[in-house]
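Visitor: Mind having a look at this structure? Questions to follow.
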There are 2 protein chains.
Amino acid sequence: MAYRKTDTVEARLADNRKRILAAARTLVAEGGWPEAQVSHVAAAAGLATGSVYRYFPSKVDLFVEVLSTVSQREVDVIEAIAGSEDSPAQRLEAAVTTFVLRAMRNRRLAYALIAEPCEREIDEARLTYRHAISAQIMRIVRDGQACGAFRAGIDPSIAATVIVGGFMEGLIGPLSPLNADFAGADRDGGAVPALASQIAEVCCAAVAALPTPG
Amino acid sequence: MAYRKTDTVEARLADNRKRILAAARTLVAEGGWPEAQVSHVAAAAGLATGSVYRYFPSKVDLFVEVLSTVSQREVDVIEAIAGSEDSPAQRLEAAVTTFVLRAMRNRRLAYALIAEPCEREIDEARLTYRHAISAQIMRIVRDGQACGAFRAGIDPSIAATVIVGGFMEGLIGPLSPLNADFAGADRDGGAVPALASQIAEVCCAAVAALPTPG
DNA sequence: TCAGATAATGAACATTAATTCATTTCTTCA
DNA sequence: TGAAGAAATGAATTAATGTTCATTATCTGA
């Protein structure tokens, strides 16, 4: 009488869930939010539309999980940099450069997750990760102020927010699907590293201490 | 046989159009985009829903005009500052401070026009004005580099973009309706001017030249 | 005042996807 | 193997607004 999920079934269910997430991510990475439709996801995952709702309570939940997974990885990367042993100036430079370079590796996805207009609830989920990134930058700023490498008298929270807004905005143009300048994949030695280092330089200067005169 | 609009009618039509725009603006300023519905606008303007379509081809056109009117004024203000006789450093500081202070005078409206999720086409119209503001900042950056007040070797376009993103992001938290910290109208001598000057300081430092050593 | 022309109305319509759910198919285990 | 439970299906439903348009009201010039 009892029905208990076999390992086989359990595995298939888990696989379905993964495939749905992967399909959703791929669709966003290829066509942005306009492609992010439940029926498309289902088709791409080889399931019926209604089946998606056996794995995710709603479209928003599904895509928030996609966004969270990708974003959390970026937060982790920045956190590792923020917690490293390098000088605050080096850490700030590395955090910004790394973020820009990584975003440019998957432009369409990064554009969708960072800047493309989307549903309110997904947009709100973005804030979580922006805050998390900002918190790591703030930590670097605090450390820098403590050791005199960064100017005192600036609110670290404001500085971090401005820096995060700055490098995100610096990315948006190059990320935009409308912008063809960065379409070529000349990631190494090309325009992308130059962009990253320029953005990082401006961000670092925003908080750097003035060299002690004399 | 012929029908020619009387001055009276002409005036009434013009007045209707203005009232529609004013109502639309007021609704956005009070409730943001969720309130920006054609039927609400019509009711607030004392007209029927369908009548709005005698003055504007679509909802998007109407609200793009609202956004344009408000945004262009801000562009004009910044342009005046950018073209003034002050030093580049003073102009940059003034541009950022002024923008922040003006935005904080009508937080809900500024939030809607700058950051609140909205329809794709309205969002695209935002970019126009962000670019226009960026162009003015870039002009200041160029002038500053030319006279040695700002560091050479930075792409003025990138610097301007990062600065604009920075102060916009610095504003978003304080502008957000969710944020109660700035709800009080202590505009003078209070938290708002302090915020503006902190944001401006960070932005200015991003491009300022290092004092010549020795 | 009246015919011709325009303006205003607002209920009905159109659109677009998300979501539901009655039905079908698959799984389990005695 | 078959009865009961679970999973999958996908067409129909829902919902929320922007937009239309047949109808009504108003205006102009003679």
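The values are calculated or read from the model by the stated rules, or taken from the named source; none is laboratory data. Remember, predicted model here, so these are calculated numbers, not experimental data. Cβ sites come from the backbone with ideal geometry, for glycine too, and all protein chains shown count toward neighbours. When the accessible area is computed, the model is the full protein with side chains, heavy atoms only, and any ligands, DNA or RNA have been set aside. Shrake-Rupley method; radii C 1.70, N 1.55, O 1.52, S 1.80 Å.
Visitor: For segment A:15-92, which helices (runs of 4 or more DSSP H) that fit wholly inside it have 3 or more residues that are of a type in the set (Ser, Thr, Tyr) and assigned by TED's automatic domain parsing to the domain that holds A:Tyr129?
Guide: A:59-82
Visitor: Of A:Ser197, A:Ser157, which residue is open to solvent by 10 Å² or more (accessible area, probe 1.4 Å), within 18 Å of B:Ile163 (Cβ to Cβ) and assigned to a helix (DSSP H, G or I)? Reasoning before the result, please.
Guide: Numbers: A:Ser157 fails: within 18 Å of B:Ile163 (Cβ to Cβ).
That would be A:Ser197, the only listed residue that is open to solvent by 10 Å² or more (accessible area, probe 1.4 Å), within 18 Å of B:Ile163 (Cβ to Cβ) and assigned to a helix (DSSP H, G or I).
Visitor: Under the condition of being of a type in the set (D, E, K, R) and away from DNA strand C (no atom under 11 Å from the Cβ), which residue from segment B:5-26 is surrounded by the most Cβ atoms within 10 Å (Cβ to Cβ)?
Guide: Residue satisfying both the conditions and the ranking: B:Arg25.
Visitor: Okay, next question. Run down B:Pro174, B:Pro117 and say which single residue is assigned to a helix (DSSP H, G or I) and of a type outside the set (Lys, Arg). Before you say what the answer is, go through the steps one by one.
Guide: On the way: B:Pro117 fails: assigned to a helix (DSSP H, G or I).
Unique residue meeting the criteria: B:Pro174.
One line per residue, one yes/no per condition, for (1) more than 16 Å from DNA strand C (Cβ to nearest atom); (2) open to solvent by 70 Å² or more (accessible area, probe 1.4 Å); (3) under 15 Å from B:Lys18 (Cβ atoms):
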| position | (1), (2), (3) |
| --- | --- |
| B:Arg54 | no, yes, yes |
| B:Val70 | yes, no, yes |
| B:Asp76 | yes, yes, no |
| B:Ala82 | yes, no, no |
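Visitor: Next question, about the same structure. What is the one condition in (1) within 12 Å of chain A (Cβ to nearest Cβ); (2) more than 12 Å from the chain's Cα centre (by Cα); (3) under 29 Å from B:Asp155 (Cα atoms); (4) not hydroxyl-bearing (Ser, Thr, Tyr) that B:Ala125 does not satisfy?
Guide: (2)
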